[in-house]
Every structure is written in structure tokens, then in C-alpha cells.
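The values are calculated or read from the model by the stated rules, or taken from the named source; none is laboratory data. Here the structure is a predicted model, which is why all the values come from computation and not from measurement. Cβ: placed from backbone, ideal geometry, glycine included. Neighbour counts: every protein chain shown.
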């Protein structure tokens, strides 16, 4: 539901440097000690996959992992940023 309106490239690029690679973007995975560029982001599908640690998913899963929060907390944070009171 939310993955289609959240842009994974925009989200991930706030945390890591992304480099073009054919039909995807690659970067060092922030979820493990990565000496190479094992994280692949496919913009057309709005998904990521790390070939080092196996992490994968969409924008929501990326935010949950990078911020160490559960789905409910990530949604609450997004709502607060989108609709401040």
C-alpha cells in the first residue's frame, strides 16, 4: 500500500551514496559491514536487495531496518512529518 507512494531511491540516498549500475543503483549496505557495493536498488520495482547480508524489501522495510523501528512507529513518523499538528 505505502510502498507505491514512497520512493526508495529518495529514502536510501539520505543514508547511503548510490551509484548507477545498468537498470539499478548500487551502494554499500548500511545493515552490515560492507566493504563492497552489495546493496542493489531497483527503482522500477521500488525494492532493494543486499547480496551480502540478505536484507531485502521495499521502502517500508528499508526504513524499519535503518531506523530500528517497527512498522507502526515508521508509519507514525511518516504521518507526523506529512501532517504536522
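I'd like to verify a number: residues in segment 38-55 that are in contact with a strand residue (DSSP E or B) (Cβ under 8 Å, 6 or more places away or on another chain) and under 15 Å from residue 9 (Cα atoms), how many?
Of the residues in segment 38-55, the ones in contact with a strand residue (DSSP E or B) (Cβ under 8 Å, 6 or more places away or on another chain) are 38-43, 47-52, 55.
Those still in the list that are under 15 Å from residue 9 (Cα atoms) too: 39-43, 47-50.
Selection size over segment 38-55: 9.
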Mind checking which residues of segment 15-31 are closer than 20 Å to residue 67 by Cβ and either in contact with a helix residue (DSSP H, G or I) (Cβ under 9 Å, 6 or more places away or on another chain) or surrounded by 15 or more Cβ atoms within 10 Å (Cβ to Cβ) (or both)? 15, 16, 18, 27, 28, 29, 30, 31
Odd one out for residue 34, checked against (1) surrounded by 16 or more Cβ atoms within 10 Å (Cβ to Cβ); (2) in a helix (DSSP H, G or I); (3) over 13 Å from the mean Cα position of the chain (by Cα): (2)
Does segment 71-82 contain any residue that is under 19 Å from residue 9 (Cα atoms), modelled with pLDDT under 95 and surrounded by fewer than 12 Cβ atoms within 10 Å (Cβ to Cβ)? yes
Inter-residue pairs, beta-carbon under 7 Å, first assigned to a loop (DSSP other than H, G, I, E, B) and in segment 64-85, second at pLDDT 95 or above, 6+ apart: 70/64
